[in-house]
Amino acid sequence: MFVNNPRILGIDPGSRLTGFGIIEIHRFKAVYVTSGCIRMQSKPMPLRLQEIYTGISQIIEQYQPTLSAIEEVFMYRNAASALKLGQARGVAIVACVQQG
């Protein structure tokens, strides 16, 4: 499927800080639209995951991206960190699918 001037949402998921950036492609050039982060307060993990979902949903609603890319979880020093990042990534994926 070809999309004229696609708008791409990139997400760097994290359990305390989830970053995002949006670009548009115009004539084979990437054009900056916006970027920022969703900062989670020190709350239990389920509430932080809800904040990620809500934040990404709001970004999608506001900027209407046509594509999304979410960073893969890579090897961490301990399994607990990798598990938290995997949960944050999963919530980001669900938000993209629900809103898209």
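The values are calculated or read from the model by the stated rules, or taken from the named source; none is laboratory data. All figures in this text were calculated on a predicted structure; none of them were measured in a lab. Cβ atoms come from the backbone with ideal geometry, glycine included; neighbour counts cover every protein chain shown. Just the protein is used for accessible areas: all its heavy atoms, side chains included, with ligands, DNA and RNA removed. Shrake-Rupley method; radii C 1.70, N 1.55, O 1.52, S 1.80 Å.
Ligands, DNA and RNA left out, the 1.4 Å accessible surface of the chain is 56% carbon and sulfur atoms. For the chain, the spherically averaged projection of the C-alpha convex hull amounts to 6.9 nm².
Per residue of the chain, the DSSP helices (runs of n ≥ 4 H) give a summed -39500 (n - 2.57) that works out to -14000 deg cm²/dmol at 222 nm. A simple rule links phi to the HN-Hα coupling: the Karplus curve 6.51 cos²θ - 1.76 cosθ + 1.60 with θ = phi - 60°, which for the range 19-27 gives x, 8, x, 10, 10, 10, 9, 10, 6 Hz, with x for Gly and Pro.
Here the gap between Gln50 and Gln98, fully extended at 0.36 nm per residue and compared with their Cα-Cα distance, gives a gain of 15.9 nm.
Annotation for the range 1-71: chymotrypsin sites (Phe, Trp or Tyr not before Pro) lying in DSSP loop with at most 13 further Cβ atoms inside 10 Å of their Cβ are Phe2, Phe28.
Extension gain for the segment His26 to Ala69, taken as residue separation times 0.36 nm less the Cα-Cα distance, is 13.7 nm to one decimal. If you take all other residues with their beta carbon under 13 Å from the beta carbon of Leu9, and give Lys and Arg +1 and Asp and Glu -1, the sum is -3. In the full protein context, the chain carries 67 Å² of accessible surface per residue, based on a 1.4 Å probe and ignoring ligands, DNA and RNA.
Given +1 at the Cβ of Lys and Arg, -1 at the Cβ of Asp and Glu and no other charges, the dipole of the range 7-99 around its Cα centre is 200 debye to the nearest 20. Taking every C-alpha pair closer than 8 Å and separated by at least 6 residues, the mean separation divided by the residue count of the chain gives a relative contact order of 32 percent.
Simple rule: put +1 on each Lys or Arg Cβ and -1 on each Asp or Glu Cβ in the range 7-99, find the dipole, and look at Gln64, Leu85, Gly21; the Cα lying farthest toward the positive end is Leu85.
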